[in-house]
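Just below is one structure, and these are the notes that go with it.
The values are calculated or read from the model by the stated rules, or taken from the named source; none is laboratory data. Nothing here was measured: the structure is a model prediction, and the numbers come from that model. With ideal geometry, Cβ positions are generated from the backbone for all residues, glycine too; neighbour counts draw on all protein chains shown. Each accessible area value is taken on the protein alone, full model and side chains, heavy atoms only, with ligands, DNA and RNA left out. Shrake-Rupley method; radii C 1.70, N 1.55, O 1.52, S 1.80 Å.
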Amino acid sequence: MPATNAVLHDKRYSADGIFCEPPKKLETAAAAAPAQNSQSQWNTNDYHWEERDATDFARQAISDRLLGDRTIWSDANGNILEITAVELTGDAASNVRKGKRILTYSLKLKVTCEGCRNGARL
């Protein structure tokens, strides 16, 4: 069915014989842009390589988990082994490239323990 001026100027118009909604004005690019998942202002689509230091977070998280419950082993006879100190050295980073999160780390963990077994200190 060929389109006529009357059909094209109607509230509905025909494109290839199918009635469609009338064209709508496009919004500005800023208003039409989808919400960002990125925390970066310059790397909005997380396409380019970006690295954020996560060393302090790693130190705190590992120390909290190891020192939260210091007891590694204990029994009914009073034998016990506990963590007394945690030392963490190295680097940790959270990277993003092409929308994928990549965690990189090079850490060295030193844990000091004390305890007693059958009355003797370990």
Q | Accessible area (Å², 1.4 Å probe, nearest 10) - V86 | A | 30
Q: Highest first, please rank the peptides 52-59, 40-47 by the mean number of other Cβ atoms sitting within 10 Å of their residues.
A: 52-59, 40-47
Q) Taking 0.36 nm per residue of separation and subtracting the Cα-Cα distance, what length does fully extending S74 through E114 add? A) 13.2 nm
Q) How much of E51 can a 1.4 Å solvent probe reach, expressed as accessible area in Å² and rounded to 10? A) 120
Q. From a point 7 Å beyond the Cα of S94 in the direction of its Cβ, which residues of segment 46-60 have a backbone N at a distance under 11 Å?
A. 52-55, 57-58
Q) So if R0 is 25 Å, what FRET efficiency would T55 and A85 give, r being the distance between their Cβ atoms, rounded to the nearest 0.05? A) 0.85
**Q.** Placed amide H near C113: partners under 5 Å, 5+ positions off or other chain
**A.** T84
